[in-house]
Every structure is written in structure tokens, then in C-alpha cells.
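The values are calculated or read from the model by the stated rules, or taken from the named source; none is laboratory data. From a predicted model like this one, the values you see are computed outputs, not experimental measurements. For neighbour counting, all protein chains shown are included, and Cβ atoms are generated from backbone atoms with ideal geometry for every residue, glycine included.
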Amino acid sequence: MKGKEIIKLDVNELLKLLNKALADEWLAYYQYWVGSKIAVGPMRDAVARELAEHAGEELQHAEMLVNRIIQLEGKPLLDPRSWFEETNCGYEVPEDPSVESLLKQNIKGERCAIDVYNKLLELTKDKDPITAKIVLEILEDEIEHEADLQSLLEDLEKARR
Ligand code: FE
Ligand code: FE
Ligand code: MG
């Protein structure tokens, strides 16, 4: 397809990276979603609300990635077991349900995501502007996610003093 021919990158290599990001998004989705259910401690309602909102946004990222993968005639990861093989950022098991621990784990995940999408943006910006546009949109969200969690953590620390 012409839409694929105009890409000045190895499309198979790009598809591999998009699938790796897709694995990250699913794991981030679940980490946020389950975290929002189990959160305990001060400000738990505010924290749970933010975590649940982010879960929904990670799912949207998965949607954006999968649509681009299919548009490029790639095959999205079909087996959840492959998420752990392909992930860049891994999965932080929320063993400790305290809001502080959940926030710290998710901040770590967001910092990793920012790195992943920043690299993808560098790779695609002059070679595949359509993917670059999608990646930029996701990167904006991840930056906002990190900032949102960071301010909740700061509020929590202030409340403790
Ligand atoms: Fe995301
Ligand atoms: Fe995020
Ligand atoms: Mg938010």
C-alpha cells in the first residue's frame, strides 16, 4: 500500500517497536486498574480516581497503537503471555496497596513510558510523520500522567507534616 511505501523506515522493525509499546500499555492499564481497586490510606478516593482515569487513558493508547499496527499490515500481539516477553517497562506488582507505594510504582512506569515514546518519536519524526503524530499524542499523555501522580504524592507528603 502507498501509505506504507512512503515510510522511510524498516516497517517490520517499526512494527516490532509498536507491538512492544502495546505490551507496555496493557500492563500499565492493568497496573493502574487493579491499583485503583486496592488503594488504601490517606486521600485514597482522589488517588483511586486518578489511577482509574489513567487506566482508561492507557487503554486508549493501546487502541491507537493497535490501529496503526493494523494499518501497516502488521499483526498485533495476540497472546497476553507475550506481553511479558515484549514489554519495555515491565509490570510492578502492587503488593503494597498503600497510596504512597502505588503512586511511586506508577511514577516509575510513567518515566519509563516517557523514555520509550521519546525514542519512538526521535525514530519516526522525519521518517513516518503519521506514526510520529500518534506517538507525540501518547507522549503528551504520559508526561501529564507523571505530573499528576507527582502532585498527588506531594499533597500526600504535605498532609503528613
Ligand atoms: Fe500509555
Ligand atoms: Fe501513562
Ligand atoms: Mg491524570
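Does A21 fit the bill of being part of a helix (DSSP H, G or I), under 17 Å from S82 (Cα atoms), in contact with an Asp or Glu (Cβ under 8 Å, 6 or more places away or on another chain) and aliphatic (A, V, I, L, M)?
In short, no.
Checking V93 against (1) hydrophobic (A, V, I, L, M, F, W, C); (2) without any contact (Cβ under 8 Å) to a residue 40 or more places away in the chain; (3) under 17 Å from K20 (Cα atoms); (4) not in a helix (DSSP H, G or I), only one condition comes out false. Which one?
With (1) hydrophobic (A, V, I, L, M, F, W, C); (2) without any contact (Cβ under 8 Å) to a residue 40 or more places away in the chain; (3) under 17 Å from K20 (Cα atoms); (4) not in a helix (DSSP H, G or I) applied to V93, the lone miss is (3).
Within segment 8-35, which residues are closer than 19 Å to D148 by Cα, surrounded by fewer than 20 Cβ atoms within 10 Å (Cβ to Cβ) and either at pLDDT below 95 or of a type outside the set (A, V, I, L, M, F, W, C) (or both)?
Selection gives Y29, Y30.
Residues in segment 64-87: is at least one more than 16 Å from ligand 2 (Cβ to nearest atom), surrounded by fewer than 17 Cβ atoms within 10 Å (Cβ to Cβ), of a type in the set (V, I, T) and without any contact (Cβ under 8 Å) to a residue 40 or more places away in the chain?
There is at least one residue in segment 64-87 that is more than 16 Å from ligand 2 (Cβ to nearest atom), surrounded by fewer than 17 Cβ atoms within 10 Å (Cβ to Cβ), of a type in the set (V, I, T) and without any contact (Cβ under 8 Å) to a residue 40 or more places away in the chain.
Under 9 Å between Cβ atoms, at least 6 apart or on separate chains: pull out the pairs that start in segment 8-31 with a residue that is closer than 18 Å to G56 by Cβ and end on any residue that is surrounded by fewer than 20 Cβ atoms within 10 Å (Cβ to Cβ) and of a type in the set (S, T, Y).
L27/Y91; A28/Y91; Y30/Y91; Q31/Y91
I need a count of the residues in segment 24-38 that are within 15 Å of ligand 3 (Cβ to nearest atom) and either assigned to a loop (DSSP other than H, G, I, E, B) or within 8 Å of the chain's Cα centre (by Cα) (or both).
2
Which one of these is over 30 Å from L9 (Cβ atoms), of a type in the set (A, V, I, L, M) and within 16 Å of ligand 3 (Cβ to nearest atom): A55, A159?
Just a single option satisfies the conditions, and that option is A55.
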